[in-house]
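Step one of this worksheet: look at the structure below.
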Amino acid sequence: MNIVLLGAPGAGKGTQSERLVKEYGIPHISTGDILRAAVAEGTKLGKKAKGYMDAGELVPDDLIIDLMSDRLAQPDAAKGFILDGFPRTTAQAAALDAALAANGRSIDCALAIEVPFEVIIKRLSSRRVCRQCGHAGTEEETVCPSCGGEMYQRDDDREETVRNRLAVYEKSTAPLIDYYAGAGVLVRVDGNRPVDEVYADTKAAIDRD
Ligand code: AMP
């Protein structure tokens, strides 16, 4: 099962992914997580990506496409994957389709998790994320309920940067909704509800496939 999760930053893609991993046993591949690890390790990629990330801008397509063609060639992705935060531009989506088609594969389901921007701004300003496992929680949680790691606020979750990330989403990533609708694999899910309800619809959409 090859799944793409679409949705603005803070729509709940990571939270839904955590559950999907448990249910379907396929890897969760988040470009944001891979890039943050590269920044923390100070790799060449991390050094190139950091300025864009701090500003809430997209990292250039060529860097992301190279990174993801390596990641999707790993053995654990052979039986399927959940992509979170990738693709984010139509150029990335086209490159992904081409890489999959070369192996006789394609995207089975693109889930658009939809949440009003004002709700997202509130969610992200109180979001805290685990340094170890990436679990997303709220400012009430100082210790990760999933692995015991330290919860922290991402620099790019501050309001000014969030507004820019949403503008970038609207301009560059929202067009992917039409892209995947055209491919006949798009399912829209109302993400402005309790996590369990969103997950029930998410799972139903995937199982329908
Ligand atoms: P995320 O954790 O998905 O919100 O990503 C955090 C930041 O990483 C984004 O604001 C971008 O700067 C960068 N990033 C993550 N995924 C991509 C992508 N597919 N294309 C370009 N930049 C990305």
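The values are calculated or read from the model by the stated rules, or taken from the named source; none is laboratory data. No experiment lies behind these values; they were computed from the predicted model shown. We place every Cβ from the backbone using ideal geometry, glycine too, and count neighbours over all the protein chains shown. Calculation scope for accessible area: heavy atoms of the full protein, side chains included, ligands and nucleic acids excluded. Shrake-Rupley method; radii C 1.70, N 1.55, O 1.52, S 1.80 Å.
Set side by side, the residues 43, 31, 15, 90 differ, and just one is open to solvent by less than 20 Å² (accessible area, probe 1.4 Å) and β-branched (Val, Ile, Thr), which is 31. A residue that is more than 14 Å from the ligand (Cβ to nearest atom), assigned to a helix (DSSP H, G or I) and over 20 Å from residue 174 (Cβ atoms) occurs nowhere in the range 56-69. Which pairs turn up if I take residues in the range 62-76 that are farther than 13 Å from residue 49 by Cβ and modelled with pLDDT of 95 or more and look for partners that are of a type in the set (Val, Ile, Thr) and not in a helix (DSSP H, G or I) with beta carbon separation below 7 Å, at least 6 apart in sequence or on another chain? From residues that are farther than 13 Å from residue 49 by Cβ and modelled with pLDDT of 95 or more, the pairs are 71/29. In the range 35-52, of all residues being near the ligand (Cβ under 8 Å from one of its atoms) and out of contact with any helix residue (DSSP H, G or I) (no Cβ under 6 Å at 6 or more places or on another chain), the one that is nearest to residue 15 (Cα to Cα) corresponds to 36. The set of residues from the range 46-60 being more than 28 Å from residue 104 (Cα to Cα), open to solvent by 20 Å² or more (accessible area, probe 1.4 Å) and modelled with pLDDT of 95 or more comprises 47, 48, 50, 51, 52, 53, 57, 58.
Out of 91, 167, 101, one residue alone is touching an Asp or Glu at 6+ places or on another chain (Cβ under 6 Å), modelled with pLDDT of 95 or more, farther than 20 Å from residue 16 by Cα and of a type in the set (A, V, I, L, M). It is 91. Selection of first residues in the range 93-113 that are under 20 Å from residue 199 (Cα atoms) and of second residues that are open to solvent by 30 Å² or more (accessible area, probe 1.4 Å) and in a helix (DSSP H, G or I), restricted to Cβ pairs under 8 Å at least 6 apart or on distinct chains, gives the following pairs, ordered by first then second residue: 107/97. Those strands (runs of 3 or more DSSP E) of the range 72-188 in which 1 or more residues are acidic (Asp, Glu) occupy 81-84, 109-114. Taking residues in the range 172-191 that are closer than 17 Å to residue 205 by Cα, and partners anywhere that are surrounded by 14 or more Cβ atoms within 10 Å (Cβ to Cβ) and among the polar types (S, T, N, Q), the pairs with Cβ atoms closer than 9 Å and at least 6 places apart or on different chains are 187/202; 189/16; 189/202; 191/16.
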